[in-house]
Amino acid sequence: MDIYANKSFEMNKRRITNTKDLKFEPFDRYGSVIPGMSWHKVSYDEETNLGTYISKLEPGTKTIPHKHIGYEEFFVLEGELIDSDGTIFKTGDFVTFQPGSIHGSHTETGCLLITFMRGINEPI
């Protein structure tokens, strides 16, 4: 089947997000704002906690410790993020946290991440 010949093919269901045009909001996913952290929802559904968002962490920002119920993956677009075990995630790193993993992170330099969520995170 040639999708281009099919008149029901809907181009308007596509969205293009450019990092130069992001509108960040305070990150409040766990009930209160995390100082220094903001996010731009790309395809994120707050009811299911599934989807994609871009987060920006200012220098000195710390996330709250949390447990992953589903998979969480992120790609470091800019900067560095330091995990609770001391591992440093750098620009270009793609990181996967499996269900059941527990951690928190911080950044000294600031960072920009694109995150792919597949389940709820529980603050601990």
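Laboratory data are not the source of any read-out in this text; all were calculated from the coordinates shown. As the structure is a prediction and not an experimental result, all values here were calculated from the model. Cβ placement follows ideal geometry from the backbone for every residue including glycine, while neighbour counts extend to all protein chains displayed.
Using θ = phi - 60° and the Karplus form 6.51 cos²θ - 1.76 cosθ + 1.60, what ³J(HN,Hα) does each residue of segment 86-103 get, whole Hz, x for Gly and Pro?
Using θ = phi - 60°, the values come out as x, 5, 9, 8, 10, 3, x, 7, 10, 10, 10, 10, 7, x, x, 6, 10, 6 Hz.
Based on other C-beta atoms within 10 Å, arrange I54, I16, I82, I88 from fewest to most. Spell out each step's value before the answer.
Numbers: I54 21, I16 5, I82 17, I88 12.
Placing the least packed residue first, the sequence is I16, I88, I82, I54.
Local charge sum around P35 (other residues, Cβ-Cβ under 10 Å, Lys/Arg +1, Asp/Glu -1)?
Details: positive: K62; negative: E58.
Within the 10 Å Cβ shell, the charges total 0.
What lysines could a cross-link reach from K56, if we take a straight Cα to Cα line under 21 Å and drop same-chain neighbours fewer than 8 places away?
K20, K23, K41, K67, K90
Note down the Stokes-Einstein diffusion coefficient of the chain in µm²/s, whole number, using a Kirkwood radius over alpha carbon pairs, 20 °C, and 1.002 mPa s. Don't skip to the answer; put the middle values down first.
Numbers: Rh = 15.6 Å.
Once the numbers are plugged in, D ends up at 138 µm²/s.
Report, by chain and number, residues whose modeled amide H sits under 5 Å from the one on D93, excluding near sequence neighbours (fewer than 5 apart, same chain).
V76
In terms of modelled amide H atoms, which long-range or inter-chain residues lie less than 5 Å from the amide H of T109?
G60, E80
Report, by chain and number, residues whose modeled amide H sits under 5 Å from the one on S84, excluding near sequence neighbours (fewer than 5 apart, same chain).
Long-range HN contacts for S84: G104.
Just add up the charged neighbours of G104: K/R +1, D/E -1, any other residue whose Cβ is under 12 Å from the Cβ of G104.
Net charge in that neighbourhood comes out at 0.
What list do you get for T63, T91, T115 if you sort them by fewest beta carbons within 10 Å?
On the way: T63 22, T91 12, T115 17.
Arranged by neighbour count, lowest to highest, T63, T91, T115 become T91, T115, T63.
Enumerate the whole-percent occupancy of each 5 Å bin, from 0 to the last occupied one, for all C-alpha pair distances of segment 12-63.
5, 17, 26, 25, 16, 7, 2, 1
Between K23 and D93, what length in nm is gained on full extension when 0.36 nm per residue of separation is reduced by their alpha carbon distance? All intermediate terms of the calculation are to be shown ahead of the outcome.
On the way: separation 70, 0.36 × 70 = 25.20 nm, distance 2.37 nm.
This chain segment gains 22.8 nm when fully extended.
Between E73 and I102, what is 0.36 nm times their sequence separation minus the Cα-Cα distance? Round to one decimal in nm. Walk me through the numbers on the way to the answer.
On the way: separation 29, 0.36 × 29 = 10.44 nm, distance 1.35 nm.
Full extension of this stretch gives 9.1 nm more.
What residue among G51, I34, T61 has its Cα farthest toward the positive end of the dipole of the chain, where the charges are +1 on Lys, Arg and -1 on Asp, Glu, each on the Cβ?
G51
Neighbouring Cβ atoms within 10 Å as the yardstick, rank H103, H66 fewest first. Walk me through the numbers on the way to the answer.
On the way: H103 16, H66 20.
So the residues, fewest neighbours to most, are H103, H66.
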